[in-house]
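Only one structure is covered here, and it is reproduced in the block below.
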Amino acid sequence: MEHLIKYANRKIYSKDHSKYVNLDYLEDLVNIGAAFEVRSKEDNTDITQKTLTQVLKNVLTKRVKNGTMSTNAIKQAIKG
């Protein structure tokens, strides 16, 4: 399991690889099925779910921009 720390300035640091990473990196981890956990530097709380929500927003934004996600698909995603 990869351990990531999110700082107050929104930077995400991989403790395992000793480098800063971005949301695209986390998207790649999800796509390959890698286990990871994101913790807040401030209070060490698990913020993996919150960070995954940001990744999802990033993915949806990219798909809308490049035209690979229709309005109906967005509506369906909202409905669940």
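The values are calculated or read from the model by the stated rules, or taken from the named source; none is laboratory data. Bear in mind that the values here come from a model prediction, so they are computed numbers and not experimental data. All Cβ positions, even for glycine, are placed from backbone atoms using ideal geometry, and neighbour counts span all protein chains on display. Heavy atoms of the whole protein, side chains included, go into the accessibility calculation; ligands, DNA and RNA do not. Shrake-Rupley method; radii C 1.70, N 1.55, O 1.52, S 1.80 Å.
Summary table
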{"item": "Contacts under 8 angstrom Cβ, first residue in region 10-25 being free of Cβ contacts under 8 Å to residues at least 24 places away in the same chain and under 16 Å from Val55 (Cα atoms), partner assigned to a helix (DSSP H, G or I) and open to solvent by 90 Å² or more (accessible area, probe 1.4 Å), 6 or more apart", "result": "none"}
{"item": "In region 24-74, the residues that are outside any helix (DSSP H, G or I) and among the small types (Gly, Ala, Ser)", "result": "Gly33, Ala34, Ala35, Ser40, Gly67, Ser70"}
{"item": "Index of the failed condition, Ala77 passing every other in (1) more than 13 Å from the chain's Cα centre (by Cα); (2) open to solvent by 70 Å² or more (accessible area, probe 1.4 Å)", "result": "(2)"}
{"item": "Region 39-74 - residue that is surrounded by fewer than 10 Cβ atoms within 10 Å (Cβ to Cβ) and more than 17 Å from the chain's Cα centre (by Cα) and, of those, farthest from Val21 (Cα to Cα)", "result": "Asn72"}
